[in-house]
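Novice: Just dropping this structure here.
None of the figures in this text is laboratory data; all of them are computed from the coordinates on show. Since we're looking at a predicted model, the values are computed, not measured. Glycine also receives a Cβ, built like all others from the backbone with ideal geometry; neighbour counts cover every protein chain displayed.
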Amino acid sequence: MAWKTEFGESHEGYTGAVLPDGSEPKPVYLDPGSGADFRATKEWWAYSGELGRPKAASVRGCCACGWRGASYPIDWEQLGNEDDVLDVAGLYKDWSAHIEAVERATVPFPVALDELLRQLETVLDPLVEDAPAAALRAAEVLSRLSWRTGRLAAEAVQDDGQLQWEALGTALGVAPEKARARVTHYLLLGAGGIR
């Protein structure tokens, strides 16, 4: 199960396996049954030593960006009982500290915008329960506003002759290729006259 943030798949976290020699195992491909769609995982539970897979000696918090936290040993004997669950609180705490560092490196919102976004969330969340049609209407208005703002911002980024994808990625809290994809997405929406 992945830990998620506002940064999407660029910073999804998970409980990763560490082999006895300290290395990280290759992904395990799971067969969902009848079909050609195999799912890859690097989560700790796939490395139990069963089905010819390596057996993890420890676990650590991992992030899709490549960040790795401290290792914590696995007591496989204690986990032999199906009712026992691996305590991942320390791993999640390590990953959360990493995400906080990512957030600190992003471009900050002006104070007024940050407060407005918080207020918007406190108004919209109950609206989903109390008046779902109004919440859908609000979502559409926000979607149009978001699209227009994104398109104008992408055009401004493109017009900046000093554009560095690494710096933009850091400012957005995503990998450089994701930053480029985001700009391209909004530019293509604007070029196609969508919305």
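Novice: Amide H of Lys55: which non-local residues (sequence gap of 5 or more, or other chain) have their own amide H closer than 5 Å, using H built in the peptide plane?
Specialist: Under 5 Å from the amide H of Lys55 lie the amide H atoms of Gly49, each far enough along the sequence or on another chain.
Novice: According to a simple spin-label model (label point 7 Å from Cα along Cα-to-Cβ), what is the distance in nm between Glu77 and Ala133?
Specialist: 6.5
Novice: For a quick check, take a GNM of the chain with Cα springs below 10 Å and name the residue from Glu77, Glu155, Glu12 with the largest mean-square fluctuation.
Specialist: Between Glu77, Glu155, Glu12, it is Glu77 that shows the largest mean-square fluctuation.
Novice: Additional query: Which value in nm describes the separation of the simple spin-label points at Asp114 and Arg144, placed 7 Å from the Cα toward the beta carbon?
Specialist: Label at Asp114, label at Arg144, 3.1 nm between them.
Novice: Could you calculate the contour length gain from Ala153 to Ala89, that is, 0.36 nm times the residue separation minus the distance between their Cα atoms, to one decimal place in nm?
Specialist: Full extension of this stretch gives 19.2 nm more.
Novice: So I have (1) 86, 32, 30; (2) 50, 34, 29; (3) 57, 47, 41, and one of them is Cα extents along the principal axes in Å calculated from this model. Which one is it?
Specialist: Among (1) 86, 32, 30; (2) 50, 34, 29; (3) 57, 47, 41, the one calculated here is (3).
Novice: Relative to a virtual label point 7 Å from the Cα of Leu189 in the Cα→beta-carbon direction, which members of region 139-178 show backbone nitrogen distances below 16 Å?
Specialist: Residues 139-158 qualify, since their backbone N sits under 16 Å from the label point.
Novice: Now for a different question. One quarter of the convex hull surface, Cα atoms only: what value does that give for region 107-174 in nm²?
Specialist: 5.6
Novice: Moving on to the next point. Please report the spacing between the Cα centers of region 146-183 and region 1-33 in Å, no decimals.
Specialist: So the two Cα centres are separated by 27 Å.
Novice: Just to confirm a number: summing +1 for Lys and Arg and -1 for Asp and Glu over residues other than Tyr14 whose beta-carbon lies under 9 angstrom from that of Tyr14, what do you get?
Specialist: My count for the surroundings of Tyr14 gives -1.
Novice: Through the Karplus equation 6.51 cos²θ - 1.76 cosθ + 1.60, θ set to phi - 60°, convert the phi angles of region 42-48 into ³J(HN,Hα) values in whole Hz; use x for Gly and Pro.
Specialist: Computed from phi, the couplings for region 42-48 are 10, 6, 3, 5, 6, 10, 9 Hz.
Novice: Here's another thing I want to ask about it. Separation between the Glu166 and Glu6 pseudo-spin-labels, each 7 Å from Cα along Cα→Cβ, expressed in nm?
Specialist: 2.5
Novice: HN-Hα J couplings of region 91-97 from phi, Karplus 6.51/-1.76/1.60, θ = phi - 60°, integer Hz, Gly and Pro as x?
Specialist: With coefficients 6.51, -1.76 and 1.60, one gets 5, 5, 5, 4, 5, 4, 5 Hz.
Novice: In whole Hz and in residue order, list the ³J(HN,Hα) couplings for region 123-137 that follow from phi through the Karplus curve 6.51 cos²θ - 1.76 cosθ + 1.60, θ = phi - 60°; x for Gly and Pro.
Specialist: Listing the rounded values in order: 7, 6, 4, x, 4, 4, 6, 7, 8, x, 5, 5, 5, 5, 4 Hz.
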